[in-house]
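What follows is calculated from the coordinates using simple rules that are stated; it is not laboratory data. What you see is a predicted model; the values in this text were computed from it and never measured. When we count neighbours, we look across all protein chains shown, and the Cβ atoms used for this are built from the backbone with ideal geometry, even at glycine.
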Amino acid sequence: MHLTDVIPWGRSLAEYQAMFSLSQEDLNKKRILGCGDGPASFNAEATAQGGRVISADPIYAFSRQQIESRILESYSTIVAQLASHQADYIWDLMQSAENVGRQRMQAMNRFLADYDIGKHQERYVEAALPTLPFESKSFDLALCSHFLFLYSSQVALKAHLEGAREMCRVAAEVRIYPLVAMEGGLSPHLPAVMDALQAEGIQTNLAPVSYRFQKGATQMLVLRRQ
């Protein structure tokens, strides 16, 4: 993996709570795995509150200084892209692309401040779907934010299915958000993934979430082992 291929963009604990309908009991009592967390502050904030979170992402192969440098390199480009695609988003809470950028930078700075100690405590693990370096049933809950289904054009159906299956292997429950592809509309991979997992005895369910930013992204996929 090359760091220049990465577009780092981190979300906060509050956003994770809204995206995944995370209750306080989830955060206090469950062993949580975040797949593809990148520079989100979710791990740092949840850990500070006593939560048990491990984040897995290939970006963790790099140092704090390298990740910070890449954040600064790509930040203005991402904000400009948001501004040029305003019609794809709901601005009730975010208000503007610049405000989104400020919120994301706050989250990423929180991540950067926690990164070195988190690596030492093995809370940030270099790994990527569909292969996770964890024992089966290691977690109560696995979360996947803004990877599976969002990048439907870039990630094949097979990889989506293998990734979802791998999360079900390591966690009793899996929640994936969003289900809308980058180009808009529900991912074309979603029905096939749900059908295949149901055939393997995994319970699948679409559940509403309170998070509102990308248009149409109002649900998460919930998977549970029988």
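Some observations on this one:
- Restraint check, Lys119/Lys158; Lys29/Lys137; Lys29/Lys158, Cα-Cα greater than 27 Å: Lys119/Lys158; Lys29/Lys158
- Of Glu166, Glu135, Glu98, the one that fluctuates the most in a GNM where the chain has Cα springs shorter than 10 Å: Glu135
- Summarising the strand pairing of the stretch 95-226, around 70 percent of its internal DSSP beta bridges are antiparallel.
- Ranked Leu143, Leu22, Leu157, Leu72, criterion: other C-beta atoms within 10 Å, fewest first: Leu72, Leu157, Leu22, Leu143
- More than 18 Å apart - percent of Cα-Cα pairs taken over the stretch 29-181: 62
- Per-peptide packing, taken as the mean over residues of other Cβ atoms within 10 Å, places 26-36, 83-93, 186-196 in the sequence 26-36, 186-196, 83-93 from highest down.
- Cβ crowding within 10 Å ranks Val174, Val125, Val53 as Val125, Val53, Val174, fewest other Cβ atoms first.
- Helical runs (DSSP H, four residues minimum) scored at -39500 (n - 2.57) apiece and divided by the length of the chain put the mean residue ellipticity at 222 nm at -12500 deg cm²/dmol.
- Rounded if a/c under 1.5, otherwise prolate or oblate - the stretch 147-226, Cα gyration tensor axes: oblate
- Highest-first packing order for the peptide set 218-224, 99-105, 200-206 is 218-224, 99-105, 200-206, based on the mean count of other beta carbon atoms within 10 Å.
- For the chain, size of Cβ-based charge dipole, Lys and Arg +1, Asp and Glu -1, in debye: 360
- Summarising the strand pairing of the chain, around 45 percent of its internal DSSP beta bridges are antiparallel.
- Once the chain from Leu3 to Ala113 is taken as fully extended at 0.36 nm per residue, the excess over their C-alpha distance is 37.7 nm.
- Residue order for His160, His146, His120, fewest other beta carbons within 10 angstrom first, comes to His120, His146, His160.
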